[in-house]
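Working notes, beginning with the structure itself.
The values are calculated or read from the model by the stated rules, or taken from the named source; none is laboratory data. Predicted, not measured: the structure shown is a model, and the values here were computed from it. Heads up, the Cβs are rebuilt from the backbone with ideal geometry, glycines too, and the neighbour counts pull from every protein chain shown.
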Amino acid sequence: MRPIPCLFAIAALSTSALADPLKVLIVDGQNNHKWDITTPVLKDALEGSGAFKVEVSTTPAKGAPADAWKAWHPKFSDYAAVVSNYNGEPWPTDVRAEFDTYVKAGGGFVSVHAANNSFPDWKEYNQMIGVGGWGGRNEKSGPWIYVKEGKLYRNTGEGSGGAHGPQHEFVVEISDVDHPITRGLPKRWMHCKDELYSRLRGPAEHIQILSSSKSDLTAEQEPNLMVIDYGKGRVFHTTLGHADYSMLDRGFYETLQRGTEWAATGDVKATADVPADFPTESKTSVIQLAGHPKQEPPAPKPAK
């Protein structure tokens, strides 16, 4: 296992995490976000736990010829889970069919941030992620879901799917404290500067909201950590992680590790220890990743 980068605090690695790492594939290559900067952070978040062995499959660039796409053909069945850091052109028909079969048969899938913007016209993908944003999504795509009075609320009214205000720090509030992904974590914790997605729409079948944050746009508790059952497969959907400075957050690292282990195995054991530097309700916890060319958050807009 490669050395773990310098962190403010490092959680002890369990024996089970070191014994038999789970094989995970990250898919990237197109995104309206800087995937070339964020994929290394995702890889570090997973491998740094000791629980995963990570490989990366990069798609052809936007506008690439058909021959390039024909050559891109990952073997999903080789992995316990697939993590998507992708938002771009449709995958080839045969790759989509194989991915659908993989998840339905019990493969794990993790959708990170803008991956929920992907593939608005791919029915099965939208069933996998539960809800998504942008790409022409609206009430025909499914209800807008959020947490109201502690319960999942489905708003079937008209409206577009997907919105966010200026990036800012915000409190993540766990609504299901008993799920393996969230068990033992603080009920409320401060997340680093990020986009707070809202008005997400989709089929929302077999979906469970694990945590939410109060939107600056809608004033509703908008979901940011979700799980979805898809056939025999398990899907972990996080809307957090707009940029590397959003991912370099102990809360993001911990929930990504736990969510990926749960998607792969149905439980959280190897990544269950809560690190001492987990954020509190009033204070973020930033990870220092040695040698990483960190993005800088956008400067606040001057008041008019």
Contact list please: Cβ distance under 7 Å, first residue in segment 280-293 and more than 19 Å from Arg188 (Cα to Cα) and among the small types (Gly, Ala, Ser), second residue part of a loop (DSSP other than H, G, I, E, B) and modelled with pLDDT under 95, pairs at least six apart or on different chains. Ala290/Pro5; Ala290/Cys6
Here is a check on your reading of the model: is Ala272 surrounded by fewer than 24 Cβ atoms within 10 Å (Cβ to Cβ), of a type in the set (A, V, I, L, M, F, W, C), at positive phi and part of a loop (DSSP other than H, G, I, E, B)? no
Per the list (1) in contact with a Phe, Trp or Tyr (Cβ under 8 Å, 6 or more places away or on another chain); (2) assigned to a loop (DSSP other than H, G, I, E, B), residue check on Ser213 breaks on (2)
What tally of residues in segment 77-96 results from selecting those that are buried (at least 18 other Cβ atoms within 10 Å of the Cβ) and either part of a loop (DSSP other than H, G, I, E, B) or among the acidic types (Asp, Glu) (or both)? 7
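Being in a strand (DSSP E or B), over 22 Å from Ala81 (Cα atoms) and not hydroxyl-bearing (Ser, Thr, Tyr) is true for just one of Glu281, Glu222. Which residue is that?
Working: Glu281 fails: in a strand (DSSP E or B).
Answer to the check: Glu222.
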Which of (1) outside any helix (DSSP H, G or I); (2) touching a strand residue (DSSP E or B) at 6+ places or on another chain (Cβ under 7 Å); (3) under 20 Å from Val82 (Cβ atoms) does Ala115 not meet, given it meets every other one? (1)
Residue pairs meeting the criteria (Cβ under 9 Å; at least 6 apart or on separate chains; first touching a residue at least 40 places away in the same chain (Cβ under 8 Å) and farther than 21 Å from Gly132 by Cβ, in segment 92-112; second charged (D, E, K, R) and surrounded by fewer than 18 Cβ atoms within 10 Å (Cβ to Cβ)): Ala105/Lys232; Gly106/Lys232
Pick from Gly63, Gly135: which is touching a helix residue (DSSP H, G or I) at 6+ places or on another chain (Cβ under 9 Å) and part of a loop (DSSP other than H, G, I, E, B)? Gly135
Sort out which residues of segment 163-181 are assigned to a loop (DSSP other than H, G, I, E, B) and either touching a Pro at 6+ places or on another chain (Cβ under 6 Å) or surrounded by fewer than 22 Cβ atoms within 10 Å (Cβ to Cβ) (or both), and write them in order of number. His164, Gly165, Pro166, Gln167, Ser175, Asp176, Val177, Asp178, His179, Pro180
Residue in segment 7-39 that is modelled with the lowest pLDDT, counting only those that are part of a helix (DSSP H, G or I) and surrounded by fewer than 18 Cβ atoms within 10 Å (Cβ to Cβ): Thr15
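Which is surrounded by fewer than 23 Cβ atoms within 10 Å (Cβ to Cβ), at pLDDT 95 or above and either touching a Gly at 6+ places or on another chain (Cβ under 9 Å) or farther than 21 Å from Lys269 by Cβ (or both), of Val227, Val235? Walk me through it before giving the result.
Values: Val235 fails: surrounded by fewer than 23 Cβ atoms within 10 Å (Cβ to Cβ).
So the residue among Val227, Val235 that is surrounded by fewer than 23 Cβ atoms within 10 Å (Cβ to Cβ), at pLDDT 95 or above and either touching a Gly at 6+ places or on another chain (Cβ under 9 Å) or farther than 21 Å from Lys269 by Cβ (or both) is Val227.
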